[in-house]
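A.B. asks: My questions will all concern the structure given below.
The values are calculated or read from the model by the stated rules, or taken from the named source; none is laboratory data. All figures in this text were calculated on a predicted structure; none of them were measured in a lab. We place every Cβ from the backbone using ideal geometry, glycine too, and count neighbours over all the protein chains shown. These accessible areas exclude ligands, DNA and RNA; they are computed on the full protein's heavy atoms, side chains included. Shrake-Rupley method; radii C 1.70, N 1.55, O 1.52, S 1.80 Å.
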Amino acid sequence: MIDASAGLYIHVPFCRQRCSYCDFYFVTGQRDHSAYVDALCLELRQLAELGFAQPLQTIYLGGGTPSRLAIEDLDRLLSAVQSILGVAEGAEVTMELNPEDCSTAYVRALGAVGINRASLGIQSFFDDELQFMNRSHDAVQAQRALIQVAEGGFNSFSVDVIFGLPQQPPERWAATLDQLTAYHPPHISAYALTIEPKTPLMRMVRRNLVTPARDDVVATHYQMAIETLRLRGWEHYEISSFAQPGHRAVHNQRYLNHQNTLGAGPAAVSFCHDPELGPMRWSNVRSLRRYLKCVASGQSPVDFRERLTPATMGAERIMLSLRTAEGIPLDLLRDRYGIDLLTVSAGAVRTMQQGGLIACEGGFLRLTDRGKHLCDSVTEQLWPSM
Amino acid sequence: MSTKQSRIRNFCIIAHIDHGKSTLADRLLEITGTVAHRDMQDQVLDSMDLERERGITIKSHAIQMQYTAADGHLYTLNLIDTPGHVDFTYEVSRALKACEGALLVIDAAQGIEAQTISNLFLALEHDLEIIPVLNKVDLPSARPDWVAMSVENLIGEPAEDVLAISAKTGQGVDTLLESVIRRVPPPAANSQAPLRALIFDSVFNQYRGAVAYVRVFEGTLRHRDEIYFMAAERTYAAEEIGFLRLGMQPAKELQAGDVGYVIGSIKDVRDTRVGDTITHARRRASEPIVGFREVKPMVFSGVYPSSTEHFEDLRASLERLQLNDSAIGYEPETSAALGFGFRVGFLGLLHMEIVQERLDREFDLDIITTLPNVKYEVVLTGGAVKVVENPNHVPRGNMLDHIREPYVKAEVITPADYIGNLMKLCQDRRGEFRNQTYLDQERVSLEYFLPLAEIIFDFYDRLKSLSRGYASFDYEVAEYRRSDLVKLDILINGDPVDALSAIVHRSKAFEMGRKLTSRLKELIPRQMFEVAIQAAIGSRVIARTTVRAVRKDVTAKCYGGDITRKRKLLEKQKAGKKRMKHVGSVEVPQEAFLAVLSMGQ
């Protein structure tokens, strides 16, 4: 087997309110989460049947809003993970936090239940921007939460920020970067605002209530982030991720490397190398009610399953590795998936190399800073014809 | 002349599009009992779906009817339907040749149109007995008296003698049939002379091969006779001959004066060319029937499969189309932008549209056609003349002395109100004014010499819109003239796109270049790099636009669950681009090649 280890993603689909841009699966208005934790524990037992020899290398609680869970629920959940799947010594255990949930007591208590990395969803330091995104916190809460998390005793923490909002002036984004770097977060995720289908934001765009920022403006903001953060000591190691040395997000990199990653909870996705079928990806039902029903009756909550062919794996590997600072491992692509990229896509490689979008060195093909702005186009060009 | 021959009437119907030719034919078939009313499908003669839909006759058809006239005798009527478009003037002339009389059908509301007149003149050239008929007299907008007056002015038929009918309701059609019997002369015929039969149309039957529709002028054609095609210089056996009723009705012989069909295991319709004369192989006629002409394509366009793997399908389809339509000519050619395709010659723009539609419908082929052009004569510096059907074959630089282009003699008929508009249109199209005649108090005929290249585009549409639909137009090719023509190239990021090259008049090159580049700018999507679009004459750039580069195209989050979704999104995008053509590293959508066809406005 290529990979005998596994990571675990746990989806916590509860939110106070709906952020205007969000297209993840969540529900609002739920207060008692103990029944959900019970269900997760049942699903963990199903996952245990896959039979991984090794304990979990990483755990990631994402959402939704995991910080909606009470400490007791978290404790019960992580204890179950430990006893059912096992957790490796020194494993990265991340939890996403929303600023409004970050009381001193809560943040401090997280360490005791086993969370050693926090990921704080700040998004902006400006009230008007936060309101536009329909975040459930304000700028003051954001600042306060950052301090709590920075002093919370975690091994590492990450902060999420969003740029490229409609009519966001570059100075605003510069100020956001300034405030953010002042707290020296070991890890920063900086995302361009994306208008996803079926979100309130998309509806506003459709009704002409919102004009999306022009792509050259967003590109400028992105370039500002790349340059500013690099100058201030963060390494730009993935399209939207910046880390101080030694603080890359381990869990996230599992996805990019096609390593086994289990998912629990509604809409959660799992990827595993099956000893007989090869690489498989599946996802759970996108409904809390149906998820609870399935798990309670001992059935599998999976409603989509995909067996990945070598060609698909190769295409994904190109797409995913291109997002990383190292780039596409050309030998691996050839040896494992039979794709000799420099031959099959020679024309595209040459054009994009001459255009300064990609560079080829040491057996890797990677994006230049210019190329990072066009990552998806480059991927598409590099993909061998289907 | 035998009694049989004295009771034959061969006639056709001349009408402008929409003036009711097909409806009248249907009514005749019904009244003569050739088709039972319940079997009547609208416009029986228009057998192609395309003809029925467009209301245009593309092929000639013929049908035999039996009619007991008022004098108590049974007559054989052969109705030969003629194509209704200027692209098919030659076919019309052959169909007219096969007749002794013609019904000149005129819409009682619309009046005489240019096409009616041009066909009328053709009919007069063939000495046909003309029976003018006003159709649609039941319409509230009909003005039969006024239209009858202009008919009198035109051919001298007393206005009060002009028949008034409604093909739709059948009103007056009986009287019309009696007129045909009375006025159309029976065929002058000598059944003993050596055989001379005129092919006025031919169709291809999948099982029987080419079927020639013929009018026998002299002699007698018998079943199993050995026959000789005088222009094609081919000998075949007349395996089956017969009359054209609703279907083919085999017969033992076709005598002088008869209209019918001949089948002879003829694999290629190019051997049954319209206008050719069939005679007996052993007892040959000394002269063929005059007027045979090789049909020459006038308009040329590159036709390419939209995906390269369909090249062989396209070739097979063109071959099959040619079986039915010998007017199509094609030769393989290659384009750097579009790959392997064909340069196809058409009789005119309508013919080109018809071929395109048939490729699409009957053969289910997705094709790209390039800007149509006429056939140019390129005069080289040494004085040699080179005929060019593809703009890219114009020699470069100092080899070239000058270019000659075909001119047509055009006639525009319009209500007097629109003379100004239409004269301006003709002038804009480099027309040379020749003559202006009043047909009556309201209608004027304008005569112009126009470059053919200027009318193959949207001339007809412009003419119609500038005259609120009232003006009509007809032309015939007149001569080649020297013109100040240049080759206009389109360059994308410095690479000339051969499929977009055109030969244009120097005075129009700038405007054309500007329009083409700005239209292409709209059609070429933004790409990873800036795309420069230039229009150039030789090395001189006369217009330029730029498609800005995409500045950002990157998925922000690529979180666990998104991988399959994201991959599929990208796969879909890539599949969408597969249909694009590559010019250098620029992806150009197929629409860009097609859209230039709708330029000119």
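A.B. asks: Quick one: is B:Ala114 touching a helix residue (DSSP H, G or I) at 6+ places or on another chain (Cβ under 7 Å), in the same structural domain as B:His73 (by TED's automatic domain parsing) and farther than 26 Å from B:Ser286 by Cβ? First the steps, then the outcome.
C.D. replies: Working: touching a helix residue (DSSP H, G or I) at 6+ places or on another chain (Cβ under 7 Å): no; in the same structural domain as B:His73 (by TED's automatic domain parsing): yes; farther than 26 Å from B:Ser286 by Cβ: yes.
For B:Ala114, the condition - touching a helix residue (DSSP H, G or I) at 6+ places or on another chain (Cβ under 7 Å), in the same structural domain as B:His73 (by TED's automatic domain parsing) and farther than 26 Å from B:Ser286 by Cβ - is not met.
A.B. asks: Quick one: which of A:Ala70, A:Ala88, A:Ala39 is over 30 Å from A:Phe125 (Cα atoms), surrounded by fewer than 18 Cβ atoms within 10 Å (Cβ to Cβ) and in contact (Cβ under 8 Å) with a residue 12 or more places away in the chain?
C.D. replies: On the way: A:Ala70 fails: over 30 Å from A:Phe125 (Cα atoms); A:Ala39 fails: surrounded by fewer than 18 Cβ atoms within 10 Å (Cβ to Cβ).
On inspection, the qualifying residue turns out to be A:Ala88.
Conditions (1) over 22 Å from the mean Cα position of the chain (by Cα); (2) surrounded by fewer than 21 Cβ atoms within 10 Å (Cβ to Cβ), marked per residue:
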residue	(1), (2)
A:Gly111	no, yes
A:Asn116	no, yes
A:Leu120	no, no
A:Met133	no, yes
A:Ser136	no, yes
A:Ile147	yes, yes
A:Gly153	yes, yes
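A.B. asks: Restricted to region B:474-528, and to residues that are touching an Asp or Glu at 6+ places or on another chain (Cβ under 6 Å) and of a type in the set (D, E, K, R), which residue is least open to solvent (accessible area, probe 1.4 Å)?
C.D. replies: Filtering first and then ranking leaves B:Asp474.
A.B. asks: Considering A:Leu292, A:Leu333, which residue is assigned to a helix (DSSP H, G or I) and closer than 30 Å to A:Gln223 by Cα?
C.D. replies: On the way: A:Leu292 fails: closer than 30 Å to A:Gln223 by Cα.
Testing whether each residue is assigned to a helix (DSSP H, G or I) and closer than 30 Å to A:Gln223 by Cα leaves just A:Leu333.
A.B. asks: Do the conditions hold for B:Arg315, that is, is it surrounded by fewer than 19 Cβ atoms within 10 Å (Cβ to Cβ), touching a residue at least 60 places away in the same chain (Cβ under 8 Å) and of a type outside the set (Gly, Ala, Ser)? If you could, list the steps in order and put the result at the bottom.
C.D. replies: Values: surrounded by fewer than 19 Cβ atoms within 10 Å (Cβ to Cβ): yes; touching a residue at least 60 places away in the same chain (Cβ under 8 Å): no; of a type outside the set (Gly, Ala, Ser): yes.
Here the answer is no, as B:Arg315 does not meet what is asked.
A.B. asks: Please return the ranges of strands (runs of 3 or more DSSP E) entirely within region B:315-421 where 2 or more residues are in contact with a helix residue (DSSP H, G or I) (Cβ under 6 Å, 6 or more places away or on another chain).
C.D. replies: In region B:315-421, B:329-335, B:339-346, B:367-369, B:400-415 are the strands (runs of 3 or more DSSP E) which contain 2 or more residues that are in contact with a helix residue (DSSP H, G or I) (Cβ under 6 Å, 6 or more places away or on another chain).
A.B. asks: Take the residues of region B:149-166 that are in contact with a strand residue (DSSP E or B) (Cβ under 8 Å, 6 or more places away or on another chain) and at pLDDT below 90: which is most open to solvent (accessible area, probe 1.4 Å)? Outline the logic, then answer.
C.D. replies: Here is the first cut: in region B:149-166, the residues in contact with a strand residue (DSSP E or B) (Cβ under 8 Å, 6 or more places away or on another chain) are B:150-151, B:155, B:157, B:162-166.
Those left that are additionally at pLDDT below 90: B:150-151, B:155, B:157.
Details: B:Ser150: 9, B:Val151: 2, B:Ile155: 53, B:Glu157: 26 Å².
Residue satisfying both the conditions and the ranking: B:Ile155.
A.B. asks: Take the residues in region B:90-142 that are part of a loop (DSSP other than H, G, I, E, B) and more than 18 Å from B:Ala164 (Cα to Cα); name whichever of them is most open to solvent (accessible area, probe 1.4 Å). Spell out how you get there, then give the answer.
C.D. replies: In the first step, residues of region B:90-142 are kept if they are part of a loop (DSSP other than H, G, I, E, B); the result is B:98-100, B:108-113, B:126-128, B:136-142.
Checking the rest, the ones that are also more than 18 Å from B:Ala164 (Cα to Cα) come to B:98-100, B:126-128.
On the way: B:Ala98: 0, B:Cys99: 8, B:Glu100: 28, B:His126: 48, B:Asp127: 133, B:Leu128: 14 Å².
Per the stated criteria, the residue is B:Asp127.
Each row is one residue, and each column tells you yes or no for (1) away from chain B (no Cβ under 13 Å); (2) of a type in the set (Gly, Ala, Ser); (3) in contact with a strand residue (DSSP E or B) (Cβ under 8 Å, 6 or more places away or on another chain).
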site: A:Ser270; (1), (2), (3): no, yes, yes
site: A:Arg281; (1), (2), (3): no, no, yes
site: A:Ser300; (1), (2), (3): yes, yes, no
site: A:Arg305; (1), (2), (3): no, no, yes
site: A:Thr309; (1), (2), (3): no, no, no
site: A:Leu322; (1), (2), (3): no, no, yes
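A.B. asks: Restricting to region B:237-246, what's the tally of residues that are open to solvent by 40 Å² or more (accessible area, probe 1.4 Å) and either under 21 Å from B:Gln64 (Cα atoms) or touching a Ser or Thr at 6+ places or on another chain (Cβ under 7 Å) (or both)? If you could, list the steps in order and put the result at the bottom.
C.D. replies: The first filter runs over region B:237-246 and keeps only residues open to solvent by 40 Å² or more (accessible area, probe 1.4 Å), leaving B:237, B:239, B:245-246.
Narrowing further to those that are either under 21 Å from B:Gln64 (Cα atoms) or touching a Ser or Thr at 6+ places or on another chain (Cβ under 7 Å) (or both): B:239, B:245-246.
The qualifying residues number 3.
A.B. asks: If you scan region B:452-463, which residues turn out to be surrounded by fewer than 22 Cβ atoms within 10 Å (Cβ to Cβ) and either more than 18 Å from the chain's Cα centre (by Cα) or farther than 16 Å from B:Pro372 by Cβ (or both)?
C.D. replies: Result: B:Arg462, single match.
A.B. asks: Just to be sure, is A:Arg248 assigned to a loop (DSSP other than H, G, I, E, B) and either within 12 Å of chain B (Cβ to nearest Cβ) or open to solvent by less than 20 Å² (accessible area, probe 1.4 Å) (or both)?
C.D. replies: no
A.B. asks: I'd like to check something: does region B:326-339 contain any residue that is open to solvent by 50 Å² or more (accessible area, probe 1.4 Å), acidic (Asp, Glu) and within 19 Å of B:Ala453 (Cα to Cα)?
C.D. replies: no
A.B. asks: So in region A:223-240, with the set limited to residues that are out of contact with any Lys or Arg (no Cβ under 6 Å at 6 or more places or on another chain) and open to solvent by less than 10 Å² (accessible area, probe 1.4 Å), which one is nearest to the other protein chains (Cβ to nearest Cβ)?
C.D. replies: A:Ser240
A.B. asks: Could you pull out the residue among A:Ala315, A:Ala348 that is in contact with a Phe, Trp or Tyr (Cβ under 7 Å, 6 or more places away or on another chain), in a helix (DSSP H, G or I) and facing another protein chain (nearest Cβ under 9 Å)? Step through it out loud before you land on a result.
C.D. replies: Numbers: A:Ala348 fails: in contact with a Phe, Trp or Tyr (Cβ under 7 Å, 6 or more places away or on another chain).
A:Ala315 is the lone residue from the list that is in contact with a Phe, Trp or Tyr (Cβ under 7 Å, 6 or more places away or on another chain), in a helix (DSSP H, G or I) and facing another protein chain (nearest Cβ under 9 Å).
A.B. asks: Further question on the same structure: Here's a check for you: in region A:351-386, which residue that is within 9 Å of another protein chain (Cβ to nearest Cβ) and assigned to a loop (DSSP other than H, G, I, E, B) is modelled with the lowest pLDDT?
C.D. replies: Of everything passing the filter in region A:351-386, A:Met386 is modelled with the lowest pLDDT.
A.B. asks: Let me ask something else. Of the residues B:Glu511, B:Glu530, which is among the acidic types (Asp, Glu), within 14 Å of chain A (Cβ to nearest Cβ) and free of Cβ contacts under 8 Å to residues at least 40 places away in the same chain? Walk me through it before giving the result.
C.D. replies: Details: B:Glu511 fails: within 14 Å of chain A (Cβ to nearest Cβ).
On inspection, the qualifying residue turns out to be B:Glu530.
A.B. asks: If I ask for residues that are in a loop (DSSP other than H, G, I, E, B) and out of contact with any Lys or Arg (no Cβ under 7 Å at 6 or more places or on another chain), which ones from region A:295-312 would you list? Steps first, answer last, please.
C.D. replies: Taking region A:295-312 first, the residues in a loop (DSSP other than H, G, I, E, B) are A:297-301, A:308-309.
Within region A:295-312, A:Ser297, A:Gly298, A:Gln299, A:Ser300, A:Pro301, A:Thr309 meet the criteria.
A.B. asks: Here's another thing I want to ask about it. Taking the conditions exactly as written (in a helix (DSSP H, G or I) and either farther than 22 Å from A:Ala6 by Cβ or touching a His at 6+ places or on another chain (Cβ under 8 Å) (or both)), does A:Ile339 satisfy them or not? Let's see the steps before the verdict.
C.D. replies: Numbers: in a helix (DSSP H, G or I): no; either farther than 22 Å from A:Ala6 by Cβ or touching a His at 6+ places or on another chain (Cβ under 8 Å) (or both): yes.
Criteria not met by A:Ile339.
A.B. asks: Do you know which residues across region A:287-321 are surrounded by 17 or more Cβ atoms within 10 Å (Cβ to Cβ), under 13 Å from A:Glu43 (Cα atoms) and in contact with a Cys (Cβ under 8 Å, 6 or more places away or on another chain)?
C.D. replies: Listed by number, the list holds a single entry, A:Pro301.
A.B. asks: Could you check region B:210-228 and list, in sequence order, the residues that are within 20 Å of B:Asp268 (Cα to Cα), assigned to a strand (DSSP E or B) and open to solvent by 10 Å² or more (accessible area, probe 1.4 Å)?
C.D. replies: Passing the criteria: B:Tyr213, B:Glu226, B:Tyr228.
A.B. asks: Next question. Residues A:Glu235, A:Glu196: which one is within 27 Å of A:Leu367 (Cα to Cα) and at pLDDT below 95? Quick ask: steps written out before the conclusion?
C.D. replies: Details: A:Glu235 fails: at pLDDT below 95.
Exactly one residue qualifies, and that residue is A:Glu196.
A.B. asks: Follow-up question, since we're still on this one. Which of the residues spanning region B:179-209 are modelled with pLDDT of 90 or more, outside any loop (DSSP other than H, G, I, E, B) and open to solvent by 50 Å² or more (accessible area, probe 1.4 Å)?
C.D. replies: B:Arg182, B:Arg183, B:Arg196
A.B. asks: Go through A:Leu193, A:Leu177 for me and flag whichever is away from chain B (no Cβ under 13 Å) and within 21 Å of the chain's Cα centre (by Cα). Before the answer, list the steps.
C.D. replies: Values: A:Leu193 fails: away from chain B (no Cβ under 13 Å).
So the residue among A:Leu193, A:Leu177 that is away from chain B (no Cβ under 13 Å) and within 21 Å of the chain's Cα centre (by Cα) is A:Leu177.
A.B. asks: On the basis of being modelled with pLDDT of 90 or more and not assigned by TED's automatic domain parsing to the domain that holds B:Ala15, does B:Glu522 make the cut?
C.D. replies: Working: modelled with pLDDT of 90 or more: yes; not assigned by TED's automatic domain parsing to the domain that holds B:Ala15: yes.
Yes.
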